[in-house]
1. Return the pair list, or none, for Cβ contacts closer than 7 Å from residues in the stretch 314-337 that are without any contact (Cβ under 8 Å) to a residue 40 or more places away in the chain and under 16 Å from L364 (Cβ atoms) to residues that are in a loop (DSSP other than H, G, I, E, B) and hydrophobic (A, V, I, L, M, F, W, C), at least 6 apart or on different chains.
2. Test of understanding: among I122, I98, which residue is closer than 30 Å to S7 by Cα, among the β-branched types (V, I, T), buried (at least 21 other Cβ atoms within 10 Å of the Cβ) and at pLDDT 95 or above?
3. Inside the stretch 245-270, can you point out the residues that are open to solvent by 30 Å² or more (accessible area, probe 1.4 Å), assigned to a loop (DSSP other than H, G, I, E, B) and farther than 23 Å from L196 by Cα?
4. Looking at (1) in contact (Cβ under 8 Å) with a residue 12 or more places away in the chain; (2) more than 28 Å from M380 (Cβ to Cβ); (3) open to solvent by 20 Å² or more (accessible area, probe 1.4 Å), can you tell me which one S137 breaks?
5. So for the stretch 86-93 (the condition being open to solvent by 50 Å² or more (accessible area, probe 1.4 Å) and touching a strand residue (DSSP E or B) at 6+ places or on another chain (Cβ under 6 Å)), does at least one residue qualify?
6. Quickly run through the stretch 26-59 and pick out the residues that are under 17 Å from L307 (Cβ atoms) and touching a Phe, Trp or Tyr at 6+ places or on another chain (Cβ under 7 Å).
7. Of the residues in the stretch 356-405, how many are charged (D, E, K, R), out of contact with any strand residue (DSSP E or B) (no Cβ under 8 Å at 6 or more places or on another chain) and not in a helix (DSSP H, G or I)?
8. I want to confirm something. Restricting to the stretch 322-337 and keeping residues that are surrounded by 19 or more Cβ atoms within 10 Å (Cβ to Cβ) and more than 22 Å from S186 (Cβ to Cβ), which single residue is farthest from the chain's Cα centre (by Cα)?
Amino acid sequence: MAEFKQSSKLHNVLYDIRGPILEAAQQMEAEGHKILKLNIGNPAPFGFEAPDAILVDMIRHLPHAQGYSDSRGIFSARTAVSQYYQTRGIQNIGVDDIYLGNGVSELITMSLMALLEQGDEILVPTPDYPLWTASVSLAGGSAVHYLCREEEDWEPDLEDLESKITPSTKGIVVINPNNPTGAVYSDSTLRQIVALAEKHGLIIFADEIYEKILYDGVTHTNMAAFTNEDVLCLTFSGLSKAYRVCGYRAGWMAISGPKKSAADYLEGINLLANRRLGATVPAQHAIQTALGGYQSINDLILPGGRLLEQRNKAYEMLNAMPGVSTTQAKGALYLFPRLDPEVYPIKDDEKFVLDLLREQKILLSHGRAFNWHSPDHFRMVTLPAVADIEEALGRMADFLSRYEGN
C-alpha cells in the first residue's frame, strides 16, 4: 500500500502546549483520573464567563450573520477597533487598515505567509508564544530567537536582538504583555526596539492580546504609538482573553505606519484575506459591544479580583518552595518559574512535567515548549481558583521534595 507522510514544511512546526503531555493527560482522564490543569490560558473551564452584553449582541445578530462578510470583516466592528486605537493616541489606523480574523492565530499566519520567502528571518523572543515560531517556519522563513532576561524582569536584551539582525531579517516580533513570562515592557524598551526597526528597515509584529490584563497599576503602551509613519507595524489583539471568549475566535490585525511603501505586501495580505472569504461573522458582532461597553476585566485585575488574587497566591507559593523562583507577572495569565539546576538537575523538562502529571495529576507546560534554551523552567497558568492553586502547588511541593531529576 502507498505510504503517506506529512509535508516537510511541518518539520519545524511545533506546538507542544497541545502535544504529547496533553495527550497523556487526556488518556489519564479517560481512565478516570481528575487532572488539575495549569497548562492552557483558556478562561472558560475555570468559571470565567463572557459579559452578558456580548452574548446578547451576538444572539440578536444571528439572523443577519448567515452570509459572508467583507473579507476584512464587518464595517461596524472594524470601525470600533479603529476608534479604540484612536483613544489610545494612534491616529493613523483607519477602518480599512483593520482585518478581523478567526482569532489572532489565523492573522499571524496570514501576515507571515504574505511576507516571507524561503530563508527570510523573523526575530522572535525566547521564551516565546510558540505559535510565532511555528508560523514563521510554516511560511518558509526561519525564526531567530532573541533573548529576554529573567534577571531584568524578562525585558528583551536589546544588544542580543540587534546582534541577530542580518540582511535576511524582515521583522521583529514583540509579545507584550508577554506569554509566557507575564512581563510588560517599559516604554524605553519599546522605543529602542522601534529605533532598531527603523534603522534596519524592519516590520514590527506587535502581539498585544493581553493588553487589558495588567496588575499593580502597571500601564501598557501599544507599539504603534511609537512607530508613527516611520516603521510598519502590525498590531494583533482580540476578545479571547480580556473578554473570556476564546471559543468565539474574534481577533484583529491593525496596520499602521508607511503603508504606501508596503503596498505590495499589503496586497498580498488582501489576497489571502479574500481567499479565506472572511472570519466567522457572528463573533464579529461582539467586537463593537465589547470595546465600547463596560470593561469587566477591571473587576478581575484590581485588588480583590480573582485574577490578581490567584496570581499573588501562585507567586507566593512557588517562591516558598526550595530551589524554585519566579518573577512576578505584571500582566497576562501566566508565571514562568525557574527550577534551580543545583537543586533539580533536570536534563529533560518534558519528562519532568510528565513525571509530575503521572504522580500528582497536575498538568503544566515545560519551558522548552516556549523555545527556551534550557530545561530549567515551566509555565503555569494562574486561572484556577485560589483553593485549586493551593492544592496543586501543595502537591507540587511534595513532589519536588522527593524529585531527583533525570
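1. Partner pairs satisfying both residue conditions: T326/F336.
2. I122
3. R249
4. Here S137 clears every test but (2).
5. no
6. The answer is G41, A50, P51.
7. So the answer is 1.
8. Taking the candidates together, the pick is V324.
The values are calculated or read from the model by the stated rules, or taken from the named source; none is laboratory data. Values in this document were obtained by computation on a predicted structure and should not be read as measured data. Cβ atoms come from the backbone with ideal geometry, glycine included; neighbour counts cover every protein chain shown. Ligands, DNA and RNA are stripped out before the accessible areas are found, and what is left, the full protein with its side chains, is counted by its heavy atoms. Shrake-Rupley method; radii C 1.70, N 1.55, O 1.52, S 1.80 Å.
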